[in-house]
1. Under 8 Å for C-alpha pairs, at least 6 residues apart: give me the relative contact order for the chain, rounded to a whole percent.
2. Taking 8 Å as the Cα distance limit and 6 or more residues as the minimum spacing, I'd like the relative contact order of the stretch 94-148 as a percentage.
3. For each pair in K46/K119; K5/K137; K74/K137; K82/K119; K74/K132; K5/K46, compute the distance between the two Cα atoms and list the pairs where it is over 26 Å.
4. Could you give the accessible area per residue of the stretch 26-105, probe 1.4 Å, as a whole number in Å²?
5. Among 7-15, 54-62, what's the highest-first ranking by average C-beta atoms within 10 angstrom per residue?
6. Rounded if a/c is under 1.5, else prolate if a/b beats b/c, else oblate: with a ≥ b ≥ c from the C-alpha gyration tensor eigenvalues square-rooted, which is the stretch 36-86?
7. Using the Cβ atoms and a cut-off under 15 Å, what net charge is assigned to the surroundings of Y47, where Lys and Arg are +1 and Asp and Glu are -1?
8. Nearest 500 deg cm²/dmol is fine: what mean residue ellipticity at 222 nm does the chain get from its DSSP H runs of n ≥ 4 alone, each adding -39,500 (n - 2.57), divided by its residue count?
Amino acid sequence: MSTVKLSQWETMLLEAARAHGFVDEEIIHRLRTGDSEPFADVEGGKYDFSPLFELYQNDSAALEQAIRDGYQIKFTTINGIKFLLNRRYQLLAEQDYEVEETALSQVRLSAEALDWMRKTISRNWRVVEQEKLAGGKETVVRFELAAS
């Protein structure tokens, strides 16, 4: 089974819904029934979730697999990584890690979070381990734009 690839925007909608408290099966149920109303409150209604519903109509099996088993972003920007770090792990740019022109550094992640980020972001980024913290439960990493 290959990894489903989603656009950065599709993943941002999915992660915004998760951060708002929607669990995976509830998201899938809403997509199946075409019920977008519950998503209207996500982050004060600033997102239009219709791209997720369109994707579901075009390839429901792939989107369900992405929601349940994970996905890879087709092309990730630095702001996309910042969004994921914020919505999934409540990390804030300039507060919890440093922002450079083409990199994010001093990002503290659990082993599980690091594994998820490695699998999820597109291959135009490199994840460089900077330091293992005591006990090996957290790693300080740097996300840097890979040389093309």
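The values are calculated or read from the model by the stated rules, or taken from the named source; none is laboratory data. Quick caveat, the model's predicted, so the values are computed rather than measured. Here Cβ is always computed from backbone atoms with ideal geometry, including for glycine, and neighbour counts include all displayed protein chains. Side chains included, ligands, DNA and RNA excluded: accessible areas come from the protein's heavy atoms. Shrake-Rupley method; radii C 1.70, N 1.55, O 1.52, S 1.80 Å.
1. It comes to 23 percent, rounded to a whole number.
2. Computed value for the stretch 94-148: 39 percent relative contact order.
3. K46/K119; K5/K137; K74/K137; K74/K132
4. Heavy-atom accessible area per residue stands at 54 Å².
5. 7-15, 54-62
6. Taking the square roots of the gyration eigenvalues as a ≥ b ≥ c, the stretch 36-86 is oblate.
7. Here the count lands on -3.
8. -12500 deg cm²/dmol
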